[in-house]
Amino acid sequence: MLSINPFTSYNIVDILNKPLYFIETDQLNVCNLISPDDLGFFQEYYGNYYTEIVYYEYERSTCPKCDISMNSNGSRPAKPNKWEGIRKKQYICPECGKTQFTSLENFIKKYSNYTRAICEKSLEYESITYMSYQKKAEIIKLENGIRLNRQTVYYHESTYDESFITLKEENLKKLLKECKIEPSGIYHYDEEFLHENGINTVRLAIIDAVTNLIINDQIIYQEDFDQDFVEIFLKYSLEGFPKKVLITDGHIMYPSIIERICIKQQLCIFHIIKYHNDKSYKKMNKIQRRIKTLKTKIKQNEERIKELKEYTKGKIGNVSKKDKTRKRRINKRKKLEKDNRRYRKELKQKRKELIEQEQINERIANIYNTNTEKAAIRRFKTIYHQLDQFDDNTQKFLKNLNNKFDKTTEYYKNPLIPRTNNKIEGYFKITLPRQLKRIYRTREGLIRWIRLQKIRWTERNVLYNETNSQNHINNQKIGVTS
């Protein structure tokens, strides 16, 4: 399909009344509304009818000095995308003699050898996945038949990235406005710690929990990261937006900040349970290692006891004073049997401790496995009244939870409020996976990657979801079931 230049003011009537191309003798004459990227179409269908391609102005050129029509005056070679056999028509003014050539600047930047579409290919690839410059060059050659070296690909990215990304961001803003997608008032907030060429940085992000909109995403140096900056970031990000609930993890600096910006807090249930379980799992792992050790010792002792019994098998009566070996082995067997009794007693105790710890973890997790806030409060009060029965770690956890329990139950009051911060955790993993955190050497490259991934996130998780939701509503209106 031919790419008509979107920057001209020609309407469809003009295009229909004038030819876009024609073949004359052995020349294919193509107007400058057709991109050099589409010349493959002519090669495929008319390749046997011409030997060269000549670009001409769709509208007859006028002299910028005399403002009169210019006459055709031969042509000169051109190499868009480094292709041979292409020329551009020359025009001359009959009054002043000024000459100019057919302009292709709508497709090719001045002083560039490649069209914008080719120059922006690597950015399109990067918006999907990370690739080295060498791989991008190889894919461009495979897809378009144009050989580029990796340095050229790097130059194209650094030259065109701002205009390419800005245009996409502006188009997304228009689409979001047309779809009337706005912040809901329920937000996720979290930080991601990065390493930028050996320098520690922090990425702060806030996204909408209902619409998946990215409210703000910023990278700062770790030395600038403190409570004051977090407060400024949240105030600036949420300024002018509805403020209902902010879902966060349990960091101690959040409550005072959230109170000052006048928004309710929902603590991430996953992080709350994890905070307790991380310490209890250390204890459980220690118990499990001891159980494994005890089992090994019991098994080894039983094998040794069996060997000692085999030696004394068939020998009855008292042990002779001269038979010191038999006496020593009998004593050894008795000692091993005594050790095994002690080990089995300890093994039983450790298994009991392990079961008790598992039951404690299950009871704490079940506090929030209810359908109502009233049931969650009842379960917490029940376990809290038995505080003295638990270990120090669980007692400390329950006391801390008691002070902020009201901030863990906001999701019961509104079904749109999520109980965990998993969405923003997923946002971090999708837009900057762990394997890419240490790859980027410059701030510019890292920011470019994140901007491209934000565009992809918005297309897939905001606009696509909104389209599906609207289609579902429309289907329900006309009686179509999904």
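Read-outs throughout are calculated quantities, based only on the coordinates presented, and are distinct from any laboratory measurement. Worth saying up front: this structure is predicted, and the values here are computed from it rather than measured. All Cβ positions, glycine included, derive from the backbone under ideal geometry; neighbour counts span all protein chains shown.
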Checklist entry - Residue separation times 0.36 nm, minus the C-alpha to C-alpha distance between Gln386 and Glu346: what's the value? => result 11.8 nm
Checklist outcome for this item: The set of residues whose placed amide H lies less than 5 Å from the amide H of His195, leaving out same-chain residues fewer than 5 positions away, is Thr201
Item to check | Candidate aspartates and glutamates - alpha carbon under 17 Å from Lys89, same-chain residues fewer than 8 apart omitted | outcome: Glu24, Asp26, Glu52, Glu57, Glu59, Glu105
Next on the checklist: Only bridges whose two residues both fall in the chain count here: according to DSSP, what percent of them are antiparallel, nearest 5?
Outcome noted: 70
Checklist entry - For the chain, with the dipole built from +1 on Lys and Arg beta-carbon atoms and -1 on Asp and Glu ones, taken about the Cα centre, which of Thr129, Cys119, Tyr160 lies farthest toward the positive end? => result Thr129
Checklist entry - Taking H as built 1.01 Å from N, whose amide H comes closer than 5 Å to the amide H of Ala78, not counting residues under 5 places away? => result Ile86, Arg87, Lys88
Checklist entry - ³J(HN,Hα) across the stretch 252-258 via Karplus (A = 6.51, B = -1.76, C = 1.60, θ = phi - 60°), whole Hz, x for Gly/Pro? => result 5, 7, 6, x, 5, 5, 5
Checklist entry - Going by alpha carbons, how many degrees (0 to 90, nearest 10) lie between the helix axis of 227-238 and the longest principal axis of the chain? => result 50
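Could you list Val210, Val30, Val462 so that the one with the fewest beta carbons within 10 Å of its beta carbon is first and the one with the most is last? Could you put the intermediate results ahead of the total?
Details: Val210 16, Val30 24, Val462 21.
The most exposed by this proxy come first: Val210, Val462, Val30.
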Checklist outcome for this item: The alpha-carbon center of the stretch 225-246 and that of the stretch 52-108 are separated, in whole Å, by 56
Next on the checklist: Could you list Glu24, Glu459 so that the one with the fewest beta carbons within 10 Å of its beta carbon is first and the one with the most is last?
Outcome noted: Glu24, Glu459
Next on the checklist: Given the options His385, Gly40, Asn421, identify the residue whose Cα lies farthest towards the positive end of the charge dipole of the chain (+1 on Cβ of Lys, Arg; -1 on Cβ of Asp, Glu).
Outcome noted: His385
Checklist entry - Once amide H atoms are placed 1.01 Å from N in the peptide plane, what residues at a sequence separation of 5 or more from Val210, or on another chain, have their amide H within under 5 Å of its amide H? => result Ser184, Ile186
Checklist entry - In the stretch 212-320, with Lys and Arg counted as +1 and Asp and Glu as -1 at Cβ, which of these residues, Ile220, Gln265, Gly250, has the Cα nearest the positive end of the dipole, that is, farthest along it? => result Gly250
Item to check | Nearest 10 degrees, 0 to 90: helix 464-477 Cα axis against the chain principal axis | outcome: 90
Next on the checklist: Greater than 29 Å separation of Cα atoms is the criterion. Which listed pairs, Lys109/Lys174; Lys109/Lys168; Lys243/Lys279, meet it?
Outcome noted: Lys243/Lys279
Checklist entry - Separation between the Ile355 and Lys404 pseudo-spin-labels, each 7 Å from Cα along Cα→Cβ, expressed in nm? => result 3.5
Next on the checklist: Helix 133-144 against the longest principal axis of the chain: what's the angle in degrees, Cα atoms only, rounded to the nearest 10?
Outcome noted: 50
Checklist entry - Once fully extended, how much extra length lies between Tyr281 and Asp67, figured as 0.36 nm per residue of separation less the alpha-carbon to alpha-carbon distance? => result 68.7 nm
Checklist entry - Over the Cα atoms of the chain, Rg to Rh with Kirkwood Rh, two decimal places? => result 1.23
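Where the only charges are on Cβ atoms (+1 Lys, Arg; -1 Asp, Glu), what is the dipole of the stretch 120-178 about its Cα centre, to the nearest 20 debye?
Numbers: 10 positive and 11 negative charges, 35 e Å.
In total the dipole reaches around 160 debye.
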Checklist entry - What is the spin-label model distance, in nm, from Lys235 to Ile252 if the labels are put 7 Å beyond Cα along the C-beta direction? => result 2.4
Checklist entry - By a straight-distance test (C-alpha under 19 Å), which lysines pair with Lys282 as possible cross-link partners, with residues fewer than eight away in the same chain excluded? => result Lys274, Lys292, Lys350, Lys352, Lys396
Checklist entry - Once both labels are modelled 7 Å past Cα along the beta-carbon direction, what's the Lys141-Ile220 spacing in nm? => result 4.6
Checklist entry - Going by how many other beta carbons lie within 10 Å of each one, how would you line up Ile232, Ile447, Ile34, Ile214, fewest first? => result Ile232, Ile447, Ile214, Ile34
Checklist entry - What size of dipole, in debye to the nearest 20, comes out for the chain about its Cα centre when the only charges are +1 on Lys and Arg C-beta atoms and -1 on Asp and Glu C-beta atoms? => result 6580
Checklist outcome for this item: Taking a straight Cα-to-Cα line shorter than 20 Å from Lys141, and setting aside same-chain aspartates and glutamates fewer than 8 residues away, one finds Asp37, Asp38, Glu44, Glu84, Glu120, Glu124, Glu126, Glu157
